[in-house]
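Trainee: Have a look at this one before I ask anything.
The values are calculated or read from the model by the stated rules, or taken from the named source; none is laboratory data. Keep in mind the model is a prediction, meaning the values are calculated, not measured. As a convention, Cβ positions derive from the backbone with ideal geometry for all residues, glycine included, and neighbour counts pool all protein chains shown.
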Amino acid sequence: MAVDRRKVAVFGAAFVLRLLLICLFPSLPDLLTGRVEVSTPVNSFKRLQEGLYLYTRNVSPYDGGVFHQAPLLLPLFSLLPDVNSNPIPTAIFYFLVDLVNAHALATISESGQSVQSRLHSAMRKHIRWDGTSVAAWFLFNPFTIATCLARSTSVFTTSGILLAVSNAVSGNTLNAMLALGLASYLSMYPALLFVPLALLCYDQRAQKSAQAPSSGLFILQHGAILSGSIAGLLGLSILITGNFWEFMSATYGFHLLVPDLTPNVGLWWYFFIEMFDSFREFFLGVFWLHLASYVGGLTARLRRQPLFIITSLLGVFAVFKPYPSISDASLYFALLPLYRHLFPLMRYTFFAISALLYSSLLGPAFYHLWIYAGSGNANFFYAITLVWSLGLSILLADSIFAALRDEWEQDHPERKGQEVKQV
Amino acid sequence: MALKSAIRNLRNNPQLLFVRLPNILSFLCIVVGVVWLLLLPLNDYSRQTYISENALLPGQVHAYFTGSEQNIFRGYKKEIQALIQEGPAGLKVATQKYEYTSAGIGYQGENVYGIIHAPRGDATEAIVLVAAWKTADDELNLNGVTLALTLARYFKRWSLWSKDIIFVFPPDSKTGTQAWIDAYHDLHPATVQPLPLKSGALQGALVIEYPFENHFHTLHIVYDGVNGQLPNLDLFNTAVAIAGGQMGIGANLQEMWKHDDSYQDRLKTILRGMTKQGLGYATGAHSSFMPYHIDAITLQPKGEGWEDEMALGRTIESLCRSLNNLLEHLHQSFFFYLLMQSNRFVSIGTYLPSAMLIAGNFTIMAIALWMRTGYYSDSKPGVSAGSDTPKSKSEKPSGTVTEKEVTESKLNGSTVAERVLALPLTLVSGLHLIGLVPLWIFNTIFHQYFTAATYIFVGVDVVLPLILAALLSNGLGISRPIVPQQYLLIKSFALLLLGLSLSTLATLNFSLSFMIGLLCAPLTFITRIQGAAAVRYPISVLGLALLNLLSPPAVLIGVCWYTGVPIETVLTQAAFGWDVWGMWTQVVVWCVWWPAWLIGCVLLGSSMF
């Protein structure tokens, strides 16, 4: 296999940059681990350490109500040396996971699935970044670097999702489902990606084989594989924790019922702090339904571009998840460059990116004013999380607009380049 | 109708829309921002101060600190004069040794402090009274220390305290309180000893400075904290209300001894306050308390008058009684304000727009430049088309040529042109990272080299932009030379980042953001000059010379020359602030101002190559 020198350079540079950062600023990882923008109750490395401490002393890791992550992470991390005395191996492990993610992203990009799929062929195919550039955008994105240095466990979910997609575009549908099973097992919400991912797998299969398999049977089959893989992982978890219901309620119950309202960059915490308790269940249902409803709508409307559905859904999750962090945004930003050909059609990129930049600077400043200086209050930080979500939603809506416009131009070649008018 | 046709005109005239209009708007923003600040001292824009926290009840208590206490005061004074340092009898007393090193100078000392446990409290809250042996001006604070000791003895006898009172006697006003307060919160460095004795959460701190013998006339209240953080306005108001209302002592601020409440004096007070806030250094022993969200002020008796130490003692007693009344931490009143007189202020809502407008001017220009690079290619036709992603050309050489031509002709019409982002992004982020180098140098080297380093840096600032500009124009050694669109993008990103940082900074330290914004204002209007060499060279050389006068080290030298303070003193103080106080003014200078300035110079310098 010929080694791509550019790719090696990018991956090497990303690795060295991360290593330099932790060597020059040894307190940086701990600082980032404590930031609410990076670490949420469901991906915090600090909480993982707590769970690990209990686990290695043969106490149930969920005792004490601090740890809410999947139990399979515990044996994995107990293999690594103690992070307080020797932080480098853990850090390097995270760097490698980042590189694996970047590699999966490069594979996705090189498959060309984003511009040319079974049912769709983009109008501006020539405007495209190659896999290495897309991987570089991911690896040198400050949000990715921050997530990686903060040792947030979201990177494993990211790996699951990216590996699932990269396997799907290469036609390994079984591996794709297994990877999605891992991601769903770790964070639950990736299970919502099943339908678009199955469609992506189906398109791949249909393209390769002479006659398309029956779609209903195909989806059923893959649904069974996904459920099987999740069930297998859950079975392993029982071996580790012993008490099935305790771990289910501490992990997935925690995701579903949102009992911890620590501030984060999302929209849920403030809303549920303000809410009267009697309405809590109702609005939990509404919020989850709202999040899940995007799957159906986007899948139906963008059926021809399953990979774009996945990208957009990840953007939706980054805004509307119960415990979002910047790692979710970084995953969305990682997949967005695959749609480089849509950028010329997008109208508000600069404003959306400015809003995101403003909020990523003002967010920590306002959090400081609220928590440390005491001269601000919770509304300061909440206002900035609104701006952040607004920036992401503008970007999301704009990219969906661009994708629809692209489809429309394909259907109506004679109308290409004409201005859109709202009727 | 007139408006409609004006808008239509604008759309048909891209030169006006993308080049002239943003310049006008940016300039207007700066002018309005400055004028806004100048309007603040007027009665219509400022407000009378008022006590917002009702629990404070300033001046509602009778102060009993009189008469025979004066004899005690004299007695203590005599003992202190004989240099016997002992806490007053009956208090829990402890000491704390500390040591700091900054810019090659060592600072060491020992704090002495004692705690009165509140008869009615549960040791969960405390008030701090500080009397440093040396005042902020390095005078012996003889009467201040004596007064604190006398008050300690006097307070001990009262049963009305519901909060502990801590008396701290640091050896100087610069390091002592910082070491003490850091250790109180267990955040001290290894060179500082931990505190053996502690009390509850600190609710407020008062610093007494009384370094002279004669009777005084007015009370000077110092309130600026590190990094421009201010104490709650209620604390300041209480001090003014008690001094003026109850004791009949006038209060001054910002060293304005003769304040006739005219526009000039108000403006002068605001500007002095802004200078201190912007520089962000500690103005007294109280400043170190501010980062821990403990409101603190220094009381300095000033002038020749008939008020004696007993009057100051009664003021402090009354202030402590007010703080003692507090049911929760001071939070009611403003934390962001500009004071223009002891009883007049402007709040953040009124003054913030001025700094935000100045920061906004950079953002406006950045947006305009971004749109200009995409929608409208000025001066050189075909620039945007020529720069259309060389990458994509090399990747897909054939097959889509006709399609591409169609798109390109479309692109030049109404839709977006392609932008080449890699080089501008790398350059702008790289130069911002390089700012860490001078930051590190100016906080690490020994103090005797500071002056030389500053002058060397002035030289570096002259040469570096030219080198960068030459490198850029020759394509950085890579085959593709830089195109004019990229210069605009570099400027756009640099200004966007500057606008972002300054508007964020305005919420933390208004004055610093305002000052840096004004110093950077020319950067909005600087571009790469095109045209005949005869015009280009003189203008760009002149522009570079003028810009170099506004570079961070040049401004430092200029200010030092104007105020007569040696450069070494300023930089030693700054390095000390960085090492001990946690001051981050330097970060803003070297990682926000300097990179933006450098990019401006590179753009101007590139017109010579």
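Trainee: Could you look through the range A:375-387, keep only residues that are within 14 Å of chain B (Cβ to nearest Cβ), modelled with pLDDT of 85 or more and surrounded by 14 or more Cβ atoms within 10 Å (Cβ to Cβ), and pick out the one that is nearest to A:Y294 (Cα to Cα)? Talk me through it step by step, then tell me what you get.
Mentor: Residues of the range A:375-387 that are within 14 Å of chain B (Cβ to nearest Cβ), as a first pass: A:375-381, A:383-384, A:387.
Those left that are additionally modelled with pLDDT of 85 or more: A:378-381, A:383-384, A:387.
Checking the rest, the ones that are also surrounded by 14 or more Cβ atoms within 10 Å (Cβ to Cβ) come to A:378, A:380-381, A:383-384, A:387.
Working: A:A378: 30, A:F380: 29, A:F381: 27, A:A383: 25, A:I384: 24, A:V387: 21 Å.
Out of the qualifying residues, it is A:V387.
Trainee: A follow-up question, please. Filter the range B:288-297 for residues that are in a helix (DSSP H, G or I), in contact with an Asp or Glu (Cβ under 9 Å, 6 or more places away or on another chain) and within 14 Å of chain A (Cβ to nearest Cβ) and give the result.
Mentor: B:F289, B:M290, B:Y292 - these are the residues of the range B:288-297 that are in a helix (DSSP H, G or I), in contact with an Asp or Glu (Cβ under 9 Å, 6 or more places away or on another chain) and within 14 Å of chain A (Cβ to nearest Cβ).
Trainee: May I pose another question? Are any of the residues in the range A:150-169 in contact with a Cys (Cβ under 7 Å, 6 or more places away or on another chain) and of a type in the set (S, T, Y)?
Mentor: In the first step, residues of the range A:150-169 are kept if they are in contact with a Cys (Cβ under 7 Å, 6 or more places away or on another chain); the result is A:155, A:168.
Narrowing the set further to residues that are of a type in the set (S, T, Y) leaves none.
For the range A:150-169, residues in contact with a Cys (Cβ under 7 Å, 6 or more places away or on another chain) and of a type in the set (S, T, Y): absent.
Trainee: For the range B:449-456, does any single residue satisfy the condition of being closer than 26 Å to B:M608 by Cβ, in contact (Cβ under 8 Å) with a residue 24 or more places away in the chain, assigned by TED's automatic domain parsing to the domain that holds B:W593 and among the hydrophobic types (A, V, I, L, M, F, W, C)?
Mentor: Taking every residue of the range B:449-456 in turn, none turns out to be closer than 26 Å to B:M608 by Cβ, in contact (Cβ under 8 Å) with a residue 24 or more places away in the chain, assigned by TED's automatic domain parsing to the domain that holds B:W593 and among the hydrophobic types (A, V, I, L, M, F, W, C).
Trainee: Would you say B:N252 is of a type in the set (S, T, N, Q), in a helix (DSSP H, G or I), assigned by TED's automatic domain parsing to the domain that holds B:Y292 and touching a residue at least 60 places away in the same chain (Cβ under 8 Å)? Before you say what the answer is, go through the steps one by one.
Mentor: Details: of a type in the set (S, T, N, Q): yes; in a helix (DSSP H, G or I): no; assigned by TED's automatic domain parsing to the domain that holds B:Y292: yes; touching a residue at least 60 places away in the same chain (Cβ under 8 Å): yes.
Answer is no for this residue.
Trainee: Would you please name the residue that is nearest to A:H120 (Cα to Cα), looking only at residues in the range A:284-319 that are hydrophobic (A, V, I, L, M, F, W, C) and free of Cβ contacts under 8 Å to residues at least 60 places away in the same chain?
Mentor: Here is the first cut: in the range A:284-319, the ones hydrophobic (A, V, I, L, M, F, W, C) are A:284, A:286-289, A:291-292, A:295, A:298, A:300, A:302, A:307-310, A:313-314, A:316-319.
So of that shortlist, the ones also free of Cβ contacts under 8 Å to residues at least 60 places away in the same chain come out as A:284, A:286-289, A:300.
Values: A:L284: 37, A:V286: 34, A:F287: 33, A:W288: 31, A:L289: 30, A:A300: 15 Å.
My answer is A:A300.
Trainee: Please go through the range B:154-193 and pick out each residue that is of a type in the set (D, E, K, R) and within 12 Å of B:S288 (Cα to Cα).
Mentor: Residues of the range B:154-193 that are of a type in the set (D, E, K, R), as a first pass: B:156-157, B:163-164, B:172, B:174, B:182, B:186.
Listed by number, the residues that qualify are B:K174, B:D182.
Trainee: Between B:L267, B:L235, which is among the hydrophobic types (A, V, I, L, M, F, W, C) and buried (at least 21 other Cβ atoms within 10 Å of the Cβ)?
Mentor: B:L235
Trainee: Still on this structure: Name every residue in the range B:313-359 that is within 14 Å of chain A (Cβ to nearest Cβ), in contact with a helix residue (DSSP H, G or I) (Cβ under 7 Å, 6 or more places away or on another chain) and not hydrophobic (A, V, I, L, M, F, W, C), in order of residue number.
Mentor: Selection gives B:Q332, B:S333, B:Y337.
Trainee: Somewhere in the range B:313-334, is a residue among the aromatic types (F, W, Y), outside any helix (DSSP H, G or I), assigned by TED's automatic domain parsing to the domain that holds B:A251 and crowded, with 18+ Cβ neighbours inside 10 Å? Walk me through it before giving the result.
Mentor: We begin by selecting, within the range B:313-334, every residue among the aromatic types (F, W, Y); these are B:334.
Next, only the ones that are outside any helix (DSSP H, G or I) stay: B:334.
Retained after the next criterion (residues that are assigned by TED's automatic domain parsing to the domain that holds B:A251): B:334.
Okay, now just the ones that are also crowded, with 18+ Cβ neighbours inside 10 Å, so B:334.
Among the residues of the range B:313-334, at least one is among the aromatic types (F, W, Y), outside any helix (DSSP H, G or I), assigned by TED's automatic domain parsing to the domain that holds B:A251 and crowded, with 18+ Cβ neighbours inside 10 Å, which makes the answer yes.
Trainee: Can you tell me which residue is farthest from A:A13 (Cα to Cα) among those in the range A:98-125 that are free of Cβ contacts under 8 Å to residues at least 60 places away in the same chain and within 14 Å of another protein chain (Cβ to nearest Cβ)?
Mentor: A:Q116
Trainee: For the range A:140-181, give me the residue count where each residue is more than 24 Å from A:N264 (Cβ to Cβ) and of a type in the set (G, A, S). If you could, list the steps in order and put the result at the bottom.
Mentor: Within the range A:140-181, the first condition is being more than 24 Å from A:N264 (Cβ to Cβ), and the residues that meet it are A:140, A:163-181.
Subset that is of a type in the set (G, A, S): A:164, A:166, A:168, A:170-171, A:176, A:179, A:181.
The qualifying residues number 8.
Trainee: Kindly list, by first and then second residue, each pair from a residue in the range A:389-405 that is more than 10 Å from A:T349 (Cβ to Cβ) to a residue that is of a type outside the set (A, V, I, L, M, F, W, C), limited to pairs with Cβ atoms under 7 Å and residues at least 6 apart or on different chains.
Mentor: A:G391/A:S359; A:L392/A:G315; A:L396/A:S312; A:L396/A:G315; A:I400/A:S312; A:A403/A:Q305
Trainee: Being within 12 Å of chain B (Cβ to nearest Cβ) and part of a helix (DSSP H, G or I) is the filter here, so list the residues in the range A:126-142 that pass it. Break it down into steps so the answer makes sense when it comes.
Mentor: First, pick out the residues of the range A:126-142 that are within 12 Å of chain B (Cβ to nearest Cβ): A:126-133, A:136-137, A:140-142.
A:G131, A:T132, A:S133, A:A136, A:W137, A:P142 - these are the residues of the range A:126-142 that are within 12 Å of chain B (Cβ to nearest Cβ) and part of a helix (DSSP H, G or I).
Trainee: If you take the residues of the range A:319-374 that are within 12 Å of chain B (Cβ to nearest Cβ), of a type in the set (S, T, Y) and part of a helix (DSSP H, G or I), which of them is nearest to A:N101 (Cα to Cα)? Please lay out each step first, then the result.
Mentor: Residues of the range A:319-374 that are within 12 Å of chain B (Cβ to nearest Cβ), as a first pass: A:337, A:340-351, A:353-374.
Adding the requirement that they be of a type in the set (S, T, Y) leaves A:348-349, A:354, A:358-360, A:367, A:372.
With part of a helix (DSSP H, G or I) added as a condition, the list becomes A:349, A:354, A:358-360, A:367, A:372.
Working: A:T349: 25, A:S354: 27, A:Y358: 28, A:S359: 26, A:S360: 24, A:Y367: 31, A:Y372: 36 Å.
Looking at the filtered set, the residue picked out is A:S360.
Trainee: Do we have B:A282 as under 21 Å from the mean Cα position of the chain (by Cα), aliphatic (A, V, I, L, M), more than 14 Å from chain A (Cβ to nearest Cβ) and on the phi < 0 side of the Ramachandran plot here?
Mentor: Answer is yes for this residue.
Trainee: Considering each residue of the range B:292-308, count those that are buried (at least 23 other Cβ atoms within 10 Å of the Cβ) and either of a type in the set (D, E, K, R) or without any contact (Cβ under 8 Å) to a residue 60 or more places away in the chain (or both), and give that number.
Mentor: 1
Trainee: For the list (1) within 14 Å of another protein chain (Cβ to nearest Cβ); (2) among the charged types (D, E, K, R); (3) in contact with a Ser or Thr (Cβ under 8 Å, 6 or more places away or on another chain), I need the number of the one condition that B:R266 fails.
Mentor: Condition not satisfied by B:R266: (1).
Trainee: Okay, moving on. Give me a count of the residues in the range A:57-97 that are free of Cβ contacts under 8 Å to residues at least 24 places away in the same chain and farther than 28 Å from A:A14 by Cα.
Mentor: 6
Trainee: Test each condition in (1) touching a residue at least 40 places away in the same chain (Cβ under 8 Å); (2) surrounded by 15 or more Cβ atoms within 10 Å (Cβ to Cβ) for B:Q530 and report the one that comes out false.
Mentor: (2)
Trainee: Counting only residues that are over 20 Å from A:I88 (Cα atoms) and more than 22 Å from the chain's Cα centre (by Cα), give me the helices (runs of 4 or more DSSP H) lying completely in the range A:1-63 with at least 1 of them. Don't jump to the end; show me each part of the working.
Mentor: Details: elements: A:5-24, A:28-33, A:45-56.
Per the criteria, A:5-24, A:45-56.
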